[in-house]
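Taking it in order: structure first as C-alpha cells, then the write-up.
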Amino acid sequence: MKTEAKKPTKRGVISPYQLFFIFLVSRAVVALTFYQSILFNGISPDALISSAIALGINLIFCIPSYICVKYNKNPLDTKAGRIIYFIYFVFFSGVNISRFAFFACDKTTHGDSPLLFIIIMTAAACYVAYLGIEALGRFSVLCAVLSIIVLIIIVMLNIKNFHPINFMPFFVGTKNEILENSYIFSSNSIEPALFFVLSKRCQSKPEKPLFYGIFASYIAIFIMLLFCIGVLGNAAPLFSFPVYTLFQMTAFKSFSRLDIVYTAFGFFALFAKCAYLVYCSGQCIQRMNAKIKTPLLFFSSLALSLLIYSRFYSEISNSTRWFYSAVATAFLVIIPICFTVFSKRRVKNEKHI
C-alpha cells in the first residue's frame with residue numbers, strides 16, 4: 001500500500017499559533033516590567049478602567065495594519081516604509097533594553113552603571129534575531145507557557161492577601177486622567193507594526209493571531225493590575241515596579257520571597273520582545289550586506305538604549321508621556337492609513353522582504 005509523501009515544511013515561516021504567542025509575549029511583558037510612574041497618579045484602582053479602555057484602543061490600532069496587509073499595501077514593500085519602520089523598531093528596542101537596564105540597576109545592583117546590562121541585552125537580542133523567525137517562534141511558545149504558569153502561581157498564592165477594601169476609593173484620578181492613562185497604556189503597543197513584518201512569515205491567516213494575541217495579553221495585564229491593587233492597596237503607587245513588589249511579598253512554605261521568579265521569567269520574556277524588535281529591524285534592511293547590517297543593528301540599539309536611559313528614566317514629565325503617545329499614533333495609525341490611501345497595490349505573490 002502506497003503512502004503519501006509528506007510535504008516538506010517551508011523554511012523561514014511560523015505557524016499562526018506561534019505568531020499568537022509572539023504577540024502575547026510582546027504585549028503582556030509590559031505588565032511584568034511595568035514602571036508605574038509613567039501613569040498619572042501611578043497605579044490606582046481606576047487603572048483597571050484605563051486598561052479596559054486601552055484594550056479597545058489597541059484593537060483599533062490594529063485595524064490600519066490589518067487593512068494594509070489584506071489589500072497588499074504593506075508599508076515595508078516600499079523603500080520609504082522600510083526606512084521609517086527601521087527607525088521605529090530600533091527606537092523601541094532601545095526603549096525595552098533601557099527598561100531592563102533600569103530595573104537591573106534599581107533593584108539588583110543598587111545604582112550600578114547600566115552600560116554592562118545594556119551591552120549584554122543588546123548582544124543577546126541580536127544573536128537570537130540572527131537565528132531567524134523559526135527560533136523566535138519556538139522561543140516565544142516557551143516564554144508564553146512559562147509566563148502563564150508563573151502568573152497562575154502568583155495569583156493562587158496571593159488570593160489570601162487580596163482585600164477588596166484596597167479598591168476604596170475606586171476613582172482617584174479625574175475622567176481626563178483615566179482617558180489619558182488609557183492612551184499611555186496603548187502607546188506601549190508595537191504589535192500592529194510588528195504585524196507588517198511577521199505577517200509575511202506566517203503560514204496562513206496572520207490577522208487572527210494579532211487580534212487574539214492583543215486580547216489575551218490584556219487579560220494578563222488586567223489580572224496583574226487587579227492583584228497589585230488588591231494586595232498592595234494604597235502603597236502600590238509608592239513602588240517603581242509594583243509587580244516586582246507583589247512577587248517579593250509572595251511566600252510559599254519555606255520560600256519567603258519569590259522575586260527571583262519575577263527576575264528570571266519576567267526578563268526572559270522582555271529579552272524575547274527585544275529580539276522581535278531587532279529581527280524586524282533587520283528585515284527592514286535585509287538587502288544590506290550582513291557585515292554592515294549586524295554592527296549597525298547592535299550599535300544603533302546600544303546608542304538609543306543609553307540615550308533613552310539617561311533622558312527618560314531620570315524624570316517622567318507630561319512631555320515624555322505625550323511623546324510616546326504621539327509616536328504610537330503616527331506609526332500605528334497615521335502612516336498605515338496614508339499607505340492604504342495613497343500607495344499602489346502590490347502583486348499578491350510578491351517576494352518576501
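Here are some notes:
- Applying 0.36 nm per residue to the separation of Asn161 and Ile292 and subtracting their alpha-carbon distance, the gain on full extension is 41.8 nm.
- With 10 Å bins beginning at zero, the pair-distance distribution over Cα atoms of region 73-204 amounts to 9, 22, 35, 24, 10, 1 %.
- Seen from Phe331, the other residues with C-beta closer than 15 Å to its C-beta sum to a net charge of 0, counting Lys and Arg as +1 and Asp and Glu as -1.
- Treating each Cα of region 131-226 as an identical point scatterer and summing with the Debye formula, the log10 of I(q)/I(0) at q = 0.10, 0.22 Å⁻¹ comes to -0.43, -1.27.
- When the alpha carbon gyration tensor of region 128-185 is reduced to an equivalent ellipsoid, its three semi-axes come out at 36, 22, 5 angstrom, largest first.
- Restricting the calculation to Cα atoms, every distinct pair contributes to the Kirkwood radius of region 173-217, found to be 12.2 Å.
- Listed pairs Lys70/Lys175; Lys79/Lys205; Lys205/Lys344; Lys208/Lys273; Lys200/Lys344; Lys79/Lys273 exceeding 30 Å between Cα atoms: Lys70/Lys175
FYI, it's all coordinate maths here, none of it is from the lab. These numbers were taken from a predicted model, which means no experiment stands behind them. FYI the Cβ positions are ideal-geometry reconstructions off the backbone, even for glycines, and counts take in every protein chain you see.
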